[in-house]
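Chemist: Please read through the structure below; I'll follow up with questions.
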Amino acid sequence: MNIGIVFDAIPRMLSGIVMTFQLLLLSLAIGTMIAVLLLLMRISGRWWLSWPAQFYTYVFRGTPILVQIFIVYYGLPQFEWIRESIFWPILRDPFGCAILALSLNTGAYLSEIFRGGVLAVERGLLEAGAALGMSATHRFIYITTPLAIRIALPAYGNEVISLMKSTALASTITLVDMTGIGRTIVAETFAPYQVFLSLAIVYVAITWIIQRSVKRLEVYLGRSTAR
Amino acid sequence: MNKPNDTMIQLIGVGKRFGQFEALKQVSLEVRRGEKIVLCGPSGSGKSTLIRCINRMEEHTSGRIIIDGRELTDRTKDINAVRREVGMVFQSFNLFPHMTILKNLTIAQRLVRKTPEKEAKEVAMHYLKRVKIPEQASKYPVQLSGGQQQRVAIARALCMKPQIMLFDEPTSALDPEMISEVLDVMVDLARDGMTMICVTHEMGFARSVADRVMFMDGGQLIEEGDPETFFANPRNERTALFLRQILRH
């Protein structure tokens with residue numbers, strides 16, 4: 001086994017890290033927005049908002065992310081009205097497809113995480129707000145939201161890590177992220193063991209960075225409740 | 001004395017159902033401005049539900065509730081108007097844990113009363129001095145003792161300049177040595193002429209400040225009287241039994 005391949009492979013794969021982070025950060029941002037929208041729909045108390053949100057979550061959590069990426073990339077261009085729509089410049093591009101699929105998927109998971117946070121906020125605090133005459137909107141903004149964020153943060157961190165690893169699937173639709181580069185190197189060197197091991201090391205390192213960052217944020221946000 | 005505009009709280013045949021369970025049955029009650037009522041009774045008797053209906057933390061299912069001339073209906077505008085006039089103190093303090101003490105006292109003033117920041121802070125400090133903990137203003141609730149937290153909660157309610165104060169077992173969650181510091185604040189408030197309804201089993205407090213003591217059981221007001229007669233000669237057998245049980249030791 002030639003260990004030298006590992007030292008050659010890691011720097012080359014790192015050149016794909018920009019793509020990995022682009023995929024991660026963009027789909028995380030869009031996914032978070034989708035999640036907030038879904039959350040508001042679910043807790044609106046109106047069935048015609050809540051039901052579609054539940055259905056959405058059910059569908060996107062109930063199907064593999066790889067299948068979702070393929071549907072967006074191979075499936076949507078089958079429809080002429082999509083090819084003629086304003087979204088075509090995005091959907092024509094594999095990067096746009098990957099972002100779309102990852103955002104839609106993580107949005108479903110994140111909305112459930114946010115909902116857990118919202119439901120876990122102590123009822124008495126909202127009652128106290130109501131007793132002071134605060135409106136439902138004010139209570140949601142000033143009491144529920146900040147506390148729900150603190151409660152949901154650890155689970156949110158997990159989802160970020162999960163999403164980061166899912167970005168590797170973008171290499172299946174021609175994107176040259178770290179995994180994509182890794183596969184190219186394998187094709188050149190016929191050394192899958194060393195190359196994929198190197199790839200695994202890089203992903204672990206990134207996971208470690210995300211974990212540390214979330215932990216620091218947790219400590220920062222929890223400073224008021226820690227003695 | 002009993003002019004119509006002197007009635008602060010009026011309950012007419014108020015009922016409250018939770019599904020099959022009848023928590024309040026035909027409760028009628030009139031409280032005059034400045035009057036102090038102590039409400040006692042066994043757990044599950046409906047005393048908390050009763051005061052929670054007064055600021056619509058619970059919706060009554062029958063009868064009428066009129067607060068300072070304003071009837072409680074489904075209209076959000078009326079509910080918020082009533083809540084501005086009615087302060088409430090909870091058993092579990094319910095301070096906002098992510099805000100400093102000062103922020104706990106200013107947030108509702110800013111949002112509900114639209115008080116400017118500077119004035120809201122002055123009001124907050126005024127009431128923190130009144131409950132004798134102005135030095136804690138920049139701390140977070142978790143850094144305070146239970147007694148201090150409850151005093152902050154009272155100050156927070158007072159910042160809204162309410163006409164009426166409701167206390168829902170304010171000392172039940174406190175360690176014994178902290179009860180008196182909270183009761184002192186409540187006595188002080190009572191002396192100041194606040195209209196108060198207190199759900200409490202602090203009979204010493206009832207004796208010293210209550211105009212009327214009421215006993216509830218099974219969702220009904222069973223007996224009421226001035227503290228002297230109420231404690232010395234309860235007319236109803238259930239009241240007598242309850243008093244024997246809580247005053248035994």
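The values are calculated or read from the model by the stated rules, or taken from the named source; none is laboratory data. Here the structure is a predicted model, which is why all the values come from computation and not from measurement. Positions of Cβ are backbone-derived with ideal geometry, glycine not excepted, and every protein chain shown enters the neighbour counts. Side chains are part of the model used for accessible areas, which takes the heavy atoms of the whole protein and leaves out ligands, DNA and RNA. Shrake-Rupley method; radii C 1.70, N 1.55, O 1.52, S 1.80 Å.
Chemist: Out of B:23, B:120, report the one residue that is closer than 19 Å to residue B:166 by Cα and either more than 14 Å from every other protein chain (Cβ to nearest Cβ) or assigned to a helix (DSSP H, G or I) (or both).
Modeler: Going through B:23, B:120 in turn, the sole match is B:23.
Chemist: Only one of (1) open to solvent by 30 Å² or more (accessible area, probe 1.4 Å); (2) more than 10 Å from every other protein chain (Cβ to nearest Cβ) fails for residue B:100. Which number is that?
Modeler: Just one mismatch for residue B:100, condition (2).
Chemist: Exactly one condition in (1) open to solvent by 40 Å² or more (accessible area, probe 1.4 Å); (2) assigned to a loop (DSSP other than H, G, I, E, B) is false for residue A:140; which is it?
Modeler: (2)
Chemist: How many residues are away from chain B (no Cβ under 12 Å) and open to solvent by less than 40 Å² (accessible area, probe 1.4 Å) when one looks only at segment A:117-137?
Modeler: 2
Chemist: Looking at segment B:109-126, can you tell me whether even one residue there is open to solvent by 10 Å² or more (accessible area, probe 1.4 Å) and within 25 Å of residue B:37 (Cα to Cα)?
Modeler: no
Chemist: Those residues that are more than 7 Å from chain A (Cβ to nearest Cβ) and more than 13 Å from residue B:143 (Cβ to Cβ), I need them from segment B:103-114; list them, please.
Modeler: Of everything in segment B:103-114, those that are more than 7 Å from chain A (Cβ to nearest Cβ) and more than 13 Å from residue B:143 (Cβ to Cβ) turn out to be B:103, B:105, B:106, B:109, B:110, B:113, B:114.
Chemist: Go through segment A:180-210 residue by residue and tally those that are loosely packed, with under 14 Cβ neighbours inside 10 Å and within 17 Å of residue A:170 (Cα to Cα).
Modeler: Going through segment A:180-210 one residue at a time, the tally reaches 1.
Chemist: Same structure again: Would you check if residue A:124 is within 30 Å of residue B:99 (Cα to Cα) and part of a helix (DSSP H, G or I)?
Modeler: yes
Chemist: Now a separate question. List the residue pairs whose Cβ atoms are under 6 Å apart, where the first residue sits in segment B:64-92 and is closer than 22 Å to residue A:137 by Cβ and away from chain A (no Cβ under 13 Å), the second is assigned to a strand (DSSP E or B) and modelled with pLDDT of 85 or more, and the two are 6 or more positions apart or on different chains.
Modeler: Every condition considered, the pairs that remain are B:72/B:65.
Chemist: Filter segment B:42-61 down to residues that are within 11 Å of chain A (Cβ to nearest Cβ) and part of a loop (DSSP other than H, G, I, E, B) and give me whichever is nearest to residue B:21 (Cα to Cα).
Modeler: B:58
Chemist: Between a residue in segment B:1-29 that is more than 14 Å from residue B:69 (Cα to Cα) and open to solvent by 10 Å² or more (accessible area, probe 1.4 Å) and any residue that is at pLDDT 90 or above and assigned to a helix (DSSP H, G or I), which pairs come within a Cβ distance under 7 Å, given they are 6 or more apart or on different chains?
Modeler: Taking only residues 6 or more apart or on different chains, the pairs are B:16/B:49; B:16/B:53.
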